[in-house]
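Accompanying notes for the structure given below.
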Amino acid sequence: MQKPRHRIRDQRRPIALASATALVIAAMATASSTLPIGSRASAGPVATGRAAGIAPCRIPATMGVQMSEGVPTPAGYARSTGRIRALNLMIDFPDAPGVGSAMSRYAEFFPQTTAWFRTGSYGRLTYVPDAPLKSWLRMPLPFAKYGIQRGSPYEPGYHHLVDDIIAAADPKVDFAKYDLINILVTPNAGPSALDTVLSVTFSGNDDAPRADGVPLSNTSFIYSHQDDGSGSFKKTGYRVLPHENGHVFGLPDLYTMEGGGSVGHWDIMSEDWGANNDLLGWHKWKLGWLDNKQISCAARSGTSDHVLGPLATRGGTKLAFIPLSSDSGYAVEVRTRAGNDQAVCRPGVLIYKVSSDVDTGQGPVSVADSTKGSAGCTRLPNVHTELSDATFQPGQTFTDRTNKIQISVVDKDDKGNYRVRITRP
Ligand SMILES: [Zn+2]
């Protein structure tokens, strides 16, 4: 059997201690030199007219990268704008009979997940969850027989499980009606999420088994409870689902083997435990939640000024981007405590490097820390402390000496817009 194209394993765990690793972005070694240099997966439509100015900032996806930060996202993933229909199936096993009712498991995630996508997308993604079967769908084999472990590949365990789910649900469910599937597993199957996060997504997987004529190619599996014991579970435990669905829409993992030290709490693809957080502006552009006209592309040499409004509010210019090469660049945006961003303790200008040739989980995004070694401005559980105060304030400048880039925060007006001055060769 052919291996599925996209297998996303989740190895994230709650943070025990803040990482002491200080990120030195200018000296950062990316994984690009170790990856095969591929041809472009897709350069997207040819830019014309007004959109032509944005073309250098649209760093494309790279072949040989499982999940890339490139824009546009390659075909095969679920649509990320408009009305998205999500099928939810609650499953249990003979050795792990469902805890509580199946609909109480469903209620851990909805309506919060729908609201999270509505807020983050400025109303562009209407997430419509459906649970056509109101009781637990019993699998024929004990949980252990499927061989599901952290990082399990699609073959053979998940393929077998999906076959059994289709056999049990197909008589009553029209799989062709949905854009994505969530398998909400009874929380007593498998280990506690405190020990091992099993939750996983197989996305863009055309080799998935078919039902009602469609492959189950974008499917998230949610296990256990992401409950750190801090008392916030009822408010924040659903956040594993928007993270997993982020993969269904083509977003890579931003945490690495070292945890959240690359991006901290600035994106749900980096940290999905603890207080609510949003997505990076780059991800919002990639998902179609920001228009091209909301991106200020700093591709020309010299100095240019860019006025950016808070990312959490609707409309206006949100993201400045400085392309460095055909597969990397710096993104600049304004983050405040608003919308989905509830842990921001130092509002200001966030600067990060995006590399479309660095794979999921390898650090495709790295946030520049304006206050290295500060130990951060929050002690909220599961919020990466060191990067919590990474933002740049008026009067501060980020410098990349290697690439001769300077990004200065000039001032902030009374509406909360920041003026950023970019100098590049
Ligand atoms: Zn993930």
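The values are calculated or read from the model by the stated rules, or taken from the named source; none is laboratory data. Nothing here was measured: the structure is a model prediction, and the numbers come from that model. Note: ideal-geometry Cβ built from the backbone for every residue, glycine included; neighbour counts use all protein chains shown.
Table for the structure above
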{"read-out": "Among (1) surrounded by fewer than 18 Cβ atoms within 10 Å (Cβ to Cβ); (2) part of a loop (DSSP other than H, G, I, E, B), the one test that GLU155 misses", "value": "(2)"}
{"read-out": "Odd one out for HIS283, checked against (1) under 20 Å from VAL332 (Cα atoms); (2) away from the ligand (no atom under 15 Å from the Cβ); (3) in contact with a Leu (Cβ under 7 Å, 6 or more places away or on another chain)", "value": "(2)"}
{"read-out": "Residue that is over 24 Å from PHE202 (Cβ atoms), modelled with pLDDT under 50, not assigned by TED's automatic domain parsing to the domain that holds PRO242 and not polar (S, T, N, Q), where the choices are ALA27, ALA41", "value": "ALA27"}
{"read-out": "Members of the range 295-314 found to be surrounded by fewer than 19 Cβ atoms within 10 Å (Cβ to Cβ) and within 22 Å of the chain's Cα centre (by Cα), listed by number", "value": "THR313, ARG314"}
{"read-out": "Tally of residues being under 13 Å from ASP357 (Cβ atoms) and either at pLDDT below 90 or surrounded by fewer than 23 Cβ atoms within 10 Å (Cβ to Cβ) (or both) across the range 48-75", "value": "5"}
{"read-out": "Residue check for GLY339: touching a helix residue (DSSP H, G or I) at 6+ places or on another chain (Cβ under 6 Å) and either without any contact (Cβ under 8 Å) to a residue 24 or more places away in the chain or more than 16 Å from the ligand (Cβ to nearest atom) (or both)", "value": "yes"}
{"read-out": "Some residue of the range 180-200 being over 23 Å from ALA96 (Cα atoms) and touching a strand residue (DSSP E or B) at 6+ places or on another chain (Cβ under 8 Å)", "value": "yes"}
{"read-out": "Residue satisfying all of: in the range 226-267; touching a residue at least 40 places away in the same chain (Cβ under 8 Å) and of a type in the set (Phe, Trp, Tyr); nearest to the ligand (Cβ to nearest atom) among these", "value": "TYR255"}
{"read-out": "Given (1) touching a Lys or Arg at 6+ places or on another chain (Cβ under 7 Å); (2) outside the structural domain of GLU244 (by TED's automatic domain parsing); (3) small (Gly, Ala, Ser), number of the condition GLY70 does not satisfy", "value": "(1)"}
{"read-out": "Boolean, ASP357 is of a type in the set (D, E, K, R), more than 16 Å from the ligand (Cβ to nearest atom) and under 20 Å from the mean Cα position of the chain (by Cα)", "value": "yes"}
{"read-out": "Residue match in the range 394-409 (condition: of a type outside the set (Val, Ile, Thr), away from the ligand (no atom under 16 Å from the Cβ), surrounded by fewer than 18 Cβ atoms within 10 Å (Cβ to Cβ) and farther than 27 Å from SER325 by Cα)", "value": "yes"}
{"read-out": "Per-region count, the range 227-245, residues under 21 Å from MET90 (Cβ atoms) and either in contact with an Asp or Glu (Cβ under 7 Å, 6 or more places away or on another chain) or assigned to a helix (DSSP H, G or I) (or both)", "value": "12"}
{"read-out": "Criterion violated by THR402 - all others in (1) closer than 27 Å to ASP414 by Cβ; (2) hydroxyl-bearing (Ser, Thr, Tyr); (3) part of a loop (DSSP other than H, G, I, E, B) satisfied", "value": "(1)"}
{"read-out": "Extreme residue, surrounded by the fewest Cβ atoms within 10 Å (Cβ to Cβ), among residues of the range 252-285 that are in contact with a His (Cβ under 6 Å, 6 or more places away or on another chain) and on the phi < 0 side of the Ramachandran plot", "value": "ILE268"}
{"read-out": "Selection count where residues are away from the ligand (no atom under 16 Å from the Cβ), modelled with pLDDT under 95 and crowded, with 22+ Cβ neighbours inside 10 Å, scope the range 360-382", "value": "0"}
{"read-out": "Filter result for GLY147 (closer than 24 Å to GLN226 by Cβ and touching a residue at least 40 places away in the same chain (Cβ under 8 Å))", "value": "no"}
{"read-out": "Some residue of the range 86-104 being touching a residue at least 12 places away in the same chain (Cβ under 8 Å), β-branched (Val, Ile, Thr) and surrounded by 17 or more Cβ atoms within 10 Å (Cβ to Cβ)", "value": "yes"}
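To keep it simple, each residue is scored yes or no on (1) over 23 Å from GLY190 (Cα atoms); (2) over 15 Å from the mean Cα position of the chain (by Cα); (3) of a type in the set (A, V, I, L, M, F, W, C); (4) assigned by TED's automatic domain parsing to the domain that holds VAL173.
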{"site": "ASN205", "(1), (2), (3), (4)": "yes, yes, no, yes"}
{"site": "ASP227", "(1), (2), (3), (4)": "no, yes, no, yes"}
{"site": "PHE233", "(1), (2), (3), (4)": "no, yes, yes, yes"}
{"site": "GLY237", "(1), (2), (3), (4)": "no, yes, no, yes"}
{"site": "VAL240", "(1), (2), (3), (4)": "no, no, yes, yes"}
